[in-house]
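> Before I ask anything, here is the structure I am working with.
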Ligand SMILES: [Zn+2]
Ligand SMILES: [Zn+2]
């Protein structure tokens, strides 16, 4: 369709300058839609010579914008622009953010009128009213945030910190607040501390005698110890913890395990991570390293990491150790076959895994005790490597020493760091 032809067809509708110009929104750059209308009006006696080139700044006539309340599409909705911006501005009052995206829910009679006109004149060059409103409100909002709050903000279409959606009909703003994420590494200095909140299995969190009405099997977790000051600082709703694997509840972690913690619906984002570290470490149970703000996609990356780990294990035998057999422990290095351990069989599929023991050292402590340092591939079950788990792991320390052997204490003492974090 020619530009002129479309102008002629639009003649039969009563449209305001915004709505008329919006039907030509793809023509020319850096113009508002009403300026497009004015350029067309200026040329109305010479439409034969109106072309793409005509839509440029130097062709905009001097004019004041008037809004027509009888516009067949918008019914003068642009008159309410200031009120819309104020509504959204007020809804954001409590929040700190650096990226945003404004959305609007336009009354259906408006979008329907718009579509009816498109059916007649086509959709070439058009911009939907919704996009124009979002853009206009966004621009004004950004200006006000800077003027009134001194906030530097940017539009982000992919994952803005905050996404206010104005429902025009209901005159209400719905806020979608995206989580903020912190990436780092932790050490767990205490045994008997799970990584994340552990719900009481008996009452499933409702509270019962067994859990002393807390709803939790363990009263604390690494997550909760970090979350408490973090929620306090961000005024967030709750946290989600994503670890690069997890150590057993009864094992310490001294090897700095990678994690991402997510704060849902934070009010404050510009928090002091040094202060968070200090407050978490005050209790002497968890230490934090290399804290930094992170993007959402890091969660999946961290969860998929497969790091080699080194453990320190205190190994006890039922009977006196056989001195001659200790050197045979070397044989454990290499590939180990492990069937799914008995202790996790309720939640893991039954299968045989092959994992490598990469290095092994031991020191005799007394007649029935060894201290072992074992470096293993990700996924190697250490407790079973020691006990043999009724021959489900082969070879095992138990099997080589010819004694019933258990792992009494286990610490993760080193975790290989991903690229870029070697010096955490
Ligand atoms: Zn209009
Ligand atoms: Zn309970």
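The values are calculated or read from the model by the stated rules, or taken from the named source; none is laboratory data. Being a predicted model, the structure only gives us computed values, none of them experimental. Cβ atoms come from the backbone with ideal geometry, glycine included; neighbour counts cover every protein chain shown.
> Enumerate the strands (runs of 3 or more DSSP E) found wholly within the stretch 322-379, keeping only those where 3 or more residues are modelled with pLDDT of 90 or more and exposed (fewer than 12 other Cβ atoms within 10 Å of the Cβ). Steps first, answer last, please.
Working: elements: 334-339, 352-366, 369-376.
Correct list: 352-366.
> Here's something else I'd like to know. Inspect all residues belonging to the stretch 200-220 and state whether any of them is in the same structural domain as residue 291 (by TED's automatic domain parsing) and more than 16 Å from ligand 2 (Cβ to nearest atom). Can you show your working first?
In the first step, residues of the stretch 200-220 are kept if they are in the same structural domain as residue 291 (by TED's automatic domain parsing); the result is 200-220.
Adding the requirement that they be more than 16 Å from ligand 2 (Cβ to nearest atom) leaves none.
Looking through the stretch 200-220, none of the residues is in the same structural domain as residue 291 (by TED's automatic domain parsing) and more than 16 Å from ligand 2 (Cβ to nearest atom).
> Return only the number of the condition from (1) under 22 Å from residue 142 (Cα atoms); (2) within 16 Å of ligand 1 (Cβ to nearest atom); (3) touching a residue at least 60 places away in the same chain (Cβ under 8 Å) that residue 88 does not satisfy.
With (1) under 22 Å from residue 142 (Cα atoms); (2) within 16 Å of ligand 1 (Cβ to nearest atom); (3) touching a residue at least 60 places away in the same chain (Cβ under 8 Å) applied to residue 88, the lone miss is (2).
> Let me ask another. Using the structure shown, decide if residue 168 is in contact (Cβ under 8 Å) with a residue 60 or more places away in the chain and within 16 Å of ligand 1 (Cβ to nearest atom). Outline the logic, then answer.
On the way: in contact (Cβ under 8 Å) with a residue 60 or more places away in the chain: yes; within 16 Å of ligand 1 (Cβ to nearest atom): yes.
Yes.
> Got at least one residue in the stretch 200-213 being in a strand (DSSP E or B) and buried (at least 19 other Cβ atoms within 10 Å of the Cβ)? Full working, then the answer.
Keep residues of the stretch 200-213 that are in a strand (DSSP E or B), which gives none.
The answer is no, given that none of the residues of the stretch 200-213 is in a strand (DSSP E or B) and buried (at least 19 other Cβ atoms within 10 Å of the Cβ).
> Within the stretch 9-56, can you find the residues that are farther than 20 Å from residue 68 by Cα and either within 12 Å of ligand 1 (Cβ to nearest atom) or part of a helix (DSSP H, G or I) (or both)?
45, 46, 47, 48, 49, 52, 53, 54
> Same structure, new question: Anything in the stretch 171-194 that is crowded, with 19+ Cβ neighbours inside 10 Å and free of Cβ contacts under 8 Å to residues at least 60 places away in the same chain? List them, or say none.
194
> Scan the stretch 173-197 for residues that are within 16 Å of ligand 2 (Cβ to nearest atom) and within 22 Å of the chain's Cα centre (by Cα) and jot them down. Reasoning before the result, please.
From the stretch 173-197, those within 16 Å of ligand 2 (Cβ to nearest atom) are 194, 197; that's our starting set.
Selection gives 197 alone.
Residues are listed down the side, and each one gets a yes or a no for (1) under 26 Å from residue 218 (Cα atoms); (2) touching a strand residue (DSSP E or B) at 6+ places or on another chain (Cβ under 6 Å):
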{"position": "266", "(1), (2)": "no, yes"}
{"position": "278", "(1), (2)": "yes, no"}
{"position": "309", "(1), (2)": "yes, yes"}
{"position": "312", "(1), (2)": "yes, yes"}
{"position": "317", "(1), (2)": "no, yes"}
{"position": "325", "(1), (2)": "no, no"}
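> Can you tell me which residue is surrounded by the fewest Cβ atoms within 10 Å (Cβ to Cβ) among those in the stretch 394-412 that are modelled with pLDDT of 95 or more and more than 12 Å from residue 315 (Cβ to Cβ)?
Top of the filtered list is 411.
> Name every residue in the stretch 57-79 that is in a helix (DSSP H, G or I), within 16 Å of ligand 1 (Cβ to nearest atom) and either in contact (Cβ under 8 Å) with a residue 40 or more places away in the chain or surrounded by 17 or more Cβ atoms within 10 Å (Cβ to Cβ) (or both), in order of residue number.
So the first thing to find is which residues in the stretch 57-79 are in a helix (DSSP H, G or I), and the list is 57-59, 77-79.
If we keep only those that are within 16 Å of ligand 1 (Cβ to nearest atom) as well, we get 77-79.
Scanning the stretch 57-79 gives 77, 78.
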